[in-house]
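Below: one structure, written as structure tokens.
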Amino acid sequence: MKNFYLIPKIFTSLNDYNKKQFINDVIAGIIVAIIALPLSIALALASGVEPSKGVYTAIAAGFVVSLLGGSRIQIAGPTAAFATIVATIVATQGLDGLFIATVIAGVILIIMGICKLGTLIKFMPHTITVGFTGGIAVTILLGQIKDFLGITYLSGIKPIETIEKIEANIHFFNTFSPWALVIGVISLAILIFYPKLEKRIPPSLIAVIVSALLVNFIPVLDKGVYTIGDLYNIPAGLPKVDFASMDFSLNKIMSVLPDAFTIAILAGVESLLSCVVADSMINSKHNSNMELVAQGIGNIASVLFGGIPATGAIARTSANAKNGGTTPIAGMVHAIVLLLVLVFLMPLAKLIPMPTIAAILIMVAYNMSEWKKFVHIFKQREISDILVLITTFSLTVIFDLVVAIIAGVILHLILLLIKKVIKTNNVLTK
């Protein structure tokens, strides 16, 4: 057992575990849950599903990944990286297509971990990960213009692609609501400036509370400002998954296979990147193969619980470390706290204004954009890296992540080959 490569971190991190560590883990778990709640709701809406599904995901995947994962402090749940992918799958394949794709992705991740492929993901070129992450950030940002400005589409108009969203916003700009913009700007200001004054309470929670109070108690601000409750159903209690209505035919399974591989690759890359960040914050070392297995099981658990695809969340993982979390207990506490919120307080989510959700996602997009890494790559003036970066970034925004990663990898390999040929010729001519 000592040399077995698939051992959850919880079994090794609880050696000499004491009361002080437990208290720190509980406090960190509660704080991360407070951070995760508005984010989970916002990311579910960005993914084109009901807001409660984001909370279902944070609970199921969050608990399972903490229990079985290869990192001491990894926090799993819905992330911005999946938002556009999930929205596209839901729009084209339906919720049953998303369910099947996520289960298959979970199986792929488990197989990857068992086959010790965790270390291979580390070799994904840095320029490609920066490119598609930045592309996803821009896609999310552009997707929030509608709700931030209070633009209303005609019934049945549901643009999926980024270009379609831009066109729809221009076409329906005459429905713009100045009061929605006011709420959006107030929310964004809180998210930007509140952390400079006070760091103990998550700014997203303050933005949600303040904006909800403004919209519900100041009549003039209610004009043209939709809340979650105006647009979505907020069920109370535990989720109910209707398996009987799902299409599990062979044709359906085959049609979602590309989506399943996309989910698996992205979940693997994002989770292991988050693990690396976590290691640097608490001076630890993660088990990449065990983490892939846990992510696979966590994704299957998520959709069985009514959720959507999940992966390691760098921001929530960092918050866990900064607030004293040192073992997987913190992540499990975070999931339990969210479960209590789901059972007893979830209907209150209907009061949250949509411009506030848009503001939260704008900040998420900004934080994940990694624009400083873009600048650094351009400053290096390595033309091959710049070409791969621009290609991956552009294709992510214009088309989708699969096309972007495939094209980025192919271009990276071609440029490496050209470099090698040029270097060889220079040696021979000397």
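The values are calculated or read from the model by the stated rules, or taken from the named source; none is laboratory data. Since we're looking at a predicted model, the values are computed, not measured. Don't worry about glycine lacking a Cβ; one is built from the backbone with ideal geometry, like all the others, and counts go over all protein chains shown. These accessible areas exclude ligands, DNA and RNA; they are computed on the full protein's heavy atoms, side chains included. Shrake-Rupley method; radii C 1.70, N 1.55, O 1.52, S 1.80 Å.
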> How many residues, within the stretch 141-186, are part of a helix (DSSP H, G or I), aromatic (F, W, Y) and farther than 18 Å from A359 by Cα?
Replying inline: 1
> Is it true that some residue in the stretch 41-56 is open to solvent by 10 Å² or more (accessible area, probe 1.4 Å), part of a helix (DSSP H, G or I) and modelled with pLDDT under 95?
Replying inline: yes
>> For the stretch 359-392, which positions are open to solvent by less than 100 Å² (accessible area, probe 1.4 Å), touching a residue at least 12 places away in the same chain (Cβ under 8 Å) and not aliphatic (A, V, I, L, M)?
In response: S369, E370, K373, F374, S384, D385, T391, T392
> So which of L348, L340 ends up being within 30 Å of I10 (Cβ to Cβ), out of contact with any helix residue (DSSP H, G or I) (no Cβ under 8 Å at 6 or more places or on another chain) and assigned to a helix (DSSP H, G or I)?
Replying inline: L340
>> Just to verify a result, which residue in the stretch 253-285, among those that are of a type outside the set (K, R) and assigned to a loop (DSSP other than H, G, I, E, B), is least open to solvent (accessible area, probe 1.4 Å)?
In response: V256
>> Given the criterion in contact with an Asp or Glu (Cβ under 8 Å, 6 or more places away or on another chain) and assigned to a helix (DSSP H, G or I), identify the matching residue among I329, I386, I410.
In response: I329
>> Six or more apart or on different chains, Cβ atoms under 8 Å: show the pairs whose first residue is in the stretch 88-106 and of a type in the set (S, T, Y) and whose second is outside any helix (DSSP H, G or I) and open to solvent by 30 Å² or more (accessible area, probe 1.4 Å).
In response: T88/I160; T88/D400; T92/I160
> Which of (1) under 30 Å from K19 (Cβ atoms); (2) more than 16 Å from the chain's Cα centre (by Cα) does R316 not meet, given it meets every other one?
Replying inline: (2)
> For T92, which of the numbered conditions (1) hydroxyl-bearing (S, T, Y); (2) at pLDDT below 95; (3) touching a helix residue (DSSP H, G or I) at 6+ places or on another chain (Cβ under 8 Å) fails to hold?
Replying inline: (3)
> List pairs: first in the stretch 32-53 and of a type in the set (S, T, N, Q), second surrounded by fewer than 24 Cβ atoms within 10 Å (Cβ to Cβ), Cβ under 6 Å, 6+ apart or cross-chain?
Replying inline: S47/A87; S52/P235
> Across the stretch 187-206, what is the total count of residues that are surrounded by 13 or more Cβ atoms within 10 Å (Cβ to Cβ) and assigned to a loop (DSSP other than H, G, I, E, B)?
Replying inline: 2
>> When you scan the stretch 10-17, do you find a residue that is touching a residue at least 24 places away in the same chain (Cβ under 8 Å), charged (D, E, K, R) and open to solvent by 20 Å² or more (accessible area, probe 1.4 Å), even just one?
In response: no
> Which is touching a strand residue (DSSP E or B) at 6+ places or on another chain (Cβ under 6 Å), open to solvent by less than 20 Å² (accessible area, probe 1.4 Å) and over 21 Å from I206 (Cβ atoms), of G331, G312, G306, G325?
Replying inline: G312
>> Take the residues in the stretch 118-169 that are of a type in the set (K, R) and within 16 Å of A46 (Cα to Cα); name whichever of them is surrounded by the fewest Cβ atoms within 10 Å (Cβ to Cβ).
In response: K158
